Amino acid sequence: MSDAITPGLLPEGLSDRLPPQAEASARLVRDVLDTVAGHGYARVMPALAEFEDTLTERLKLTPPEDLVRALDPASGRTLALRPDMTAQIGRIAATRLANAPRPLRLCYGGPVLRLRADQLHPERERMQVGAEIIGTQNVRAAVEIVNVAIEALQRAGIAGITIDFTLPDLVTTLAAGPIPVTAEEVDALRDRLDAKDAGAVAALGSAAQPYLALIEATGPFHAAMERLEAFNDGPAGGALSGRIAALREIAKPIGWDLTLTLDPTERHGFDYQNWLGFSIFADGFVGEIGRGGTYDVVRPDGTSEPAIGFSLYVDPLVDAGFAVPERKRCFLPVGHDLERAAELRAQGWITVAALDAADEASTLGCGYVLGAMGEPEQLG
């Protein structure tokens, strides 16, 4: 039996992007970055790989064994390929740009690689694009981040957007204050609330009973907020008043044509966020296409500074058939007018020049031919 690898075979979870999917992916990234740049976000390009120990320190819950690693022959140390770019933005802000004025607005785009896939996301390589504000995570910053993410997706042509808000540290905060729960039971309580398992929450005993109301405070935003406000006026004793006011202020400027939902105890994927998190969904796409929220950037001296941002993953959009708007293609015969061809490209045409007298417009995917009078002539 031969151990030879079939030519063209790629490792599981990795794939090539061919036309037109490659162009669709590039256009999505370009549209998002152009949008956030218009709001004052400066682009950075983090390294594809870092020393394993420094990367894992910032990835929080990602253990080294979950990273794609290699030995660096130059230093003799272990390198790791990035599975996420947000942590790298934090490193850059805390080191290379430590003295830059705050708030610091940064944006980024590039591939990330994970060691293993999962059932929801079978791809191991993904294109990640996003923006971060370093130095604050107040309500104004949250309003900006959420609305810039929406604007970027709308500019890219994505419709039917849903924003699902969550409060990642809500249960921990309540358990340490107005609705006490022992430290040993907090994780179990969070897991069961995240799973919306009322029976399992009730099984934790009387201390967990008030938290059952949080399962009901889930769903369409305004109705869920009313139930969360009732919970705040009751068992929470007003402890959530500030958060509720912040959520309403964040939601206020969002267009009526978007769907807003609330899931205050959702924590899957929000492990390092603190008071606010949000997921982004869109009609016609399975699963979330992005997420964001507030978190802390740790400086080299051990102190931290607040931050907020969002990340979008364009691959689900491309895989679901997101298309690039068609541009007219004009075939340029041998000996064509170079200046006229340049004018057509400036007008938005795609021009394809003949490299041999035998080349044909239809074979090269062109619907037009540059005629003798210097004008594109549509093929019959």
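Quick note: the coordinates plus some simple rules give every number you see, no bench work behind them. Being a predicted model, the structure only gives us computed values, none of them experimental. When we count neighbours, we look across all protein chains shown, and the Cβ atoms used for this are built from the backbone with ideal geometry, even at glycine.
Going by what's in this entry, would A208 be described as in contact with an Asp or Glu (Cβ under 8 Å, 6 or more places away or on another chain) and in a helix (DSSP H, G or I)? Taking the combined requirement at face value, the residue satisfies it. Scanning region 126-160 for residues that are aliphatic (A, V, I, L, M) and outside any helix (DSSP H, G or I), we see that the one that is surrounded by the most Cβ atoms within 10 Å (Cβ to Cβ) is A131. Filtering region 327-354 to residues that are of a type outside the set (A, V, I, L, M, F, W, C) and under 26 Å from A24 (Cβ atoms) leaves R327, K328, R329, R345, Q347, G348, T351. Looking across region 165-177 at every residue that is crowded, with 20+ Cβ neighbours inside 10 Å and touching a Gly at 6+ places or on another chain (Cβ under 9 Å), the one that is nearest to W256 (Cα to Cα) is identified as F165. Of the strands (runs of 3 or more DSSP E) that lie entirely inside region 268-380, those containing 1 or more residues that are among the hydroxyl-bearing types (S, T, Y), touching a Ser or Thr at 6+ places or on another chain (Cβ under 9 Å) and on the phi < 0 side of the Ramachandran plot span 277-282, 290-298, 304-313.
Can you work out which of the residues in region 12-28 that are in contact (Cβ under 8 Å) with a residue 60 or more places away in the chain and in a loop (DSSP other than H, G, I, E, B) is surrounded by the most Cβ atoms within 10 Å (Cβ to Cβ)? Here the answer is G13.
Among the residues of region 31-75, those that are buried (at least 17 other Cβ atoms within 10 Å of the Cβ) and not in a loop (DSSP other than H, G, I, E, B) comprise D31, V32, L33, T35, V36, A49, E50, E52, L55, T56, R58, L59.
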